[in-house]
Amino acid sequence: MVRYAVLGSGSNGNCYVFSDGETSVLIDQGYSGVELQRRLVGIGLDISSVAGVCVTHLHPDHAKGLGVISRKLHVPIYLHTAMVEKEPVVFDKLGIPQECVALVRPLEKFPIGPFVLSCFETSHDSGGSVGWNVTYEGMNLMVLTDTGCYTQEQLLLAKSSNILFLEANYDEQMLYSGPYPYYLKQRISGLYGHLSNVQALQFLQESEFTGEHVYFIHLSGTNNTPSLLSDLAKVQMKTSFTVCEKGQCYGGNMEKS
Ligand SMILES: [Zn+2]
Ligand SMILES: [Zn+2]
């Protein structure tokens with residue numbers, strides 16, 4: 001059985017966990033060591049089970065806890081080679097010990113315990129950004145976050161996913177009538193920004209997703225509301241879904257059918 005959880009998502013911190021109870025894999029680590037531990041204990045997992053961390057990109061809400069966890073646990077931190085090449089200053093500041101840095105390329109498959117991981121490119125204003133695919137006993141779990149647009153490759157991956165963690169960052173109208181300065185509105189809604197509610201639902205439809213469940217993640221606290229997204233999704237979706245409120249924990253488990 002695989003357990004999975006959104007330990008938290010949104011601008012205050014992002015972290016996802018996949019575990020068989022003994023070995024756990026994290027995707028992103030945007031929390032302090034204490035906060036991560038608290039959130040893991042909250043779903044009955046011990047921090048010592050973490051055997052590796054895969055990173056989507058180096059923005060602080062996804063990466064600020066990488067140094068702490070790598071120094072504490074001495075586990076590999078998997079990064080797309082281009083992340084380190086394109087963001088050398090940000091990367092150095094994280095303080096990940098050299099021996100913990102594990103560089104991988106998109107679509108390269110590698111194991112962490114019973115899990116097989118691979119990343120795919122996303123479109124975001126942080127060099128080398130990627131999403132992740134997690135396979136466990138033939139089940140596929142996909143994390144697609146922080147991307148301004150989506151690709152054919154991502155649509156195909158979603159089609160064969162059982163569980164999908166999908167960004168739905170903003171409502172267009174809320175963003176444009178909201179308090180953010182113009183340049184930031186442009187950035188968020190641009191090709192290197194974030195997926196809107198409408199884009200996320202379009203993605204689901206185009207991908208012909210037939211998996212078990214969708215978690216909508218990385219909602220903006222300023223430019224979106226869970227109820228707005230939920231109302232929209234109810235009308236357009238047949239699959240069961242959860243709208244993840246900013247900072248809150250959600251999860252479940254799945255067995256091979
Ligand atoms: Zn980002
Ligand atoms: Zn983010």
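Residues in region 222-240: is at least one within 16 Å of ligand 1 (Cβ to nearest atom), in contact with a Cys (Cβ under 9 Å, 6 or more places away or on another chain), at pLDDT 95 or above and open to solvent by less than 30 Å² (accessible area, probe 1.4 Å)?
no
Among the candidates GLY131, GLY148, single out the residue that is part of a strand (DSSP E or B), within 16 Å of ligand 2 (Cβ to nearest atom), under 18 Å from ILE217 (Cα atoms) and in contact (Cβ under 8 Å) with a residue 40 or more places away in the chain.
Working: GLY148 fails: part of a strand (DSSP E or B).
Within the list GLY131, GLY148, the selection yields GLY131.
Out of ALA82, ALA102, report the one residue that is over 15 Å from the mean Cα position of the chain (by Cα), assigned to a helix (DSSP H, G or I) and more than 16 Å from ligand 2 (Cβ to nearest atom). Steps first, please.
Details: ALA102 fails: assigned to a helix (DSSP H, G or I).
Of the residues listed, the single one that is over 15 Å from the mean Cα position of the chain (by Cα), assigned to a helix (DSSP H, G or I) and more than 16 Å from ligand 2 (Cβ to nearest atom) is ALA82.
Find all pairs meeting these conditions: Cβ atoms under 8 angstrom apart; at least six residues apart or on different chains; first residue within region 94-106 and at negative phi; second residue crowded, with 17+ Cβ neighbours inside 10 Å and among the β-branched types (Val, Ile, Thr).
That search, which allows pairs on different chains as well, returns ILE96/ILE77; CYS100/VAL75; CYS100/ILE77; VAL101/ILE77; VAL101/VAL84; ALA102/ILE77; LEU103/VAL84; PRO106/VAL130.
Of the residues GLU153, GLU172, which is open to solvent by 10 Å² or more (accessible area, probe 1.4 Å), among the charged types (D, E, K, R), more than 16 Å from ligand 1 (Cβ to nearest atom) and within 19 Å of HIS218 (Cβ to Cβ)? Walk me through how you get there before you give the answer.
Details: GLU153 fails: within 19 Å of HIS218 (Cβ to Cβ).
Unique residue meeting the criteria: GLU172.
Can you tell me which residue within region 211-221, out of those that are buried (at least 20 other Cβ atoms within 10 Å of the Cβ) and not hydrophobic (A, V, I, L, M, F, W, C), is farthest from THR145 (Cα to Cα)?
The qualifying residue farthest from THR145 (Cα to Cα) is GLY211.
What pairs can you find where one residue is in region 25-50 and at positive phi, the other is part of a helix (DSSP H, G or I), and their Cβ atoms are less than 6 Å apart, with a gap of 6+ or different chains?
Matching pairs, first to second residue: ASP28/HIS62.
Go through (1) of a type outside the set (Asp, Glu); (2) within 16 Å of ligand 2 (Cβ to nearest atom); (3) surrounded by 17 or more Cβ atoms within 10 Å (Cβ to Cβ) for PRO60 and report which single condition fails.
Only one criterion is unmet by PRO60, namely (3).
For the subset of region 88-116 comprising residues that are among the aliphatic types (A, V, I, L, M) and more than 19 Å from HIS62 (Cβ to Cβ), which member is surrounded by the fewest Cβ atoms within 10 Å (Cβ to Cβ)?
Among those residues, the one meeting the criterion is LEU107.
Could you grab me the full set of residues in region 70-87 that are away from ligand 1 (no atom under 16 Å from the Cβ) and either open to solvent by 10 Å² or more (accessible area, probe 1.4 Å) or in contact with a Leu (Cβ under 7 Å, 6 or more places away or on another chain) (or both)? Walk me through it before giving the result.
Initially, region 70-87 is screened for residues away from ligand 1 (no atom under 16 Å from the Cβ), giving 70-78, 81, 84-85.
Result: ARG71, LYS72, LEU73, HIS74, VAL75, PRO76, ILE77, TYR78, THR81, VAL84, GLU85.
Go through the residues of region 49-63 one by one and say whether even a single one is within 14 Å of ligand 1 (Cβ to nearest atom), among the acidic types (Asp, Glu) and assigned to a helix (DSSP H, G or I).
Within region 49-63, the subset within 14 Å of ligand 1 (Cβ to nearest atom) is 55-63.
Adding the requirement that they be among the acidic types (Asp, Glu) leaves 61.
The next check asks that each one be assigned to a helix (DSSP H, G or I); those that pass are 61.
Yes, region 49-63 has at least one match.
Read through the list (1) open to solvent by 40 Å² or more (accessible area, probe 1.4 Å); (2) touching a Pro at 6+ places or on another chain (Cβ under 6 Å), then give the number of the only condition that CYS119 fails.
Condition (1) is where CYS119 drops out.
The values are calculated or read from the model by the stated rules, or taken from the named source; none is laboratory data. What you see is a predicted model; the values in this text were computed from it and never measured. Note: ideal-geometry Cβ built from the backbone for every residue, glycine included; neighbour counts use all protein chains shown. For accessibility, only protein heavy atoms count, side chains too; no ligands or nucleic acids. Shrake-Rupley method; radii C 1.70, N 1.55, O 1.52, S 1.80 Å.
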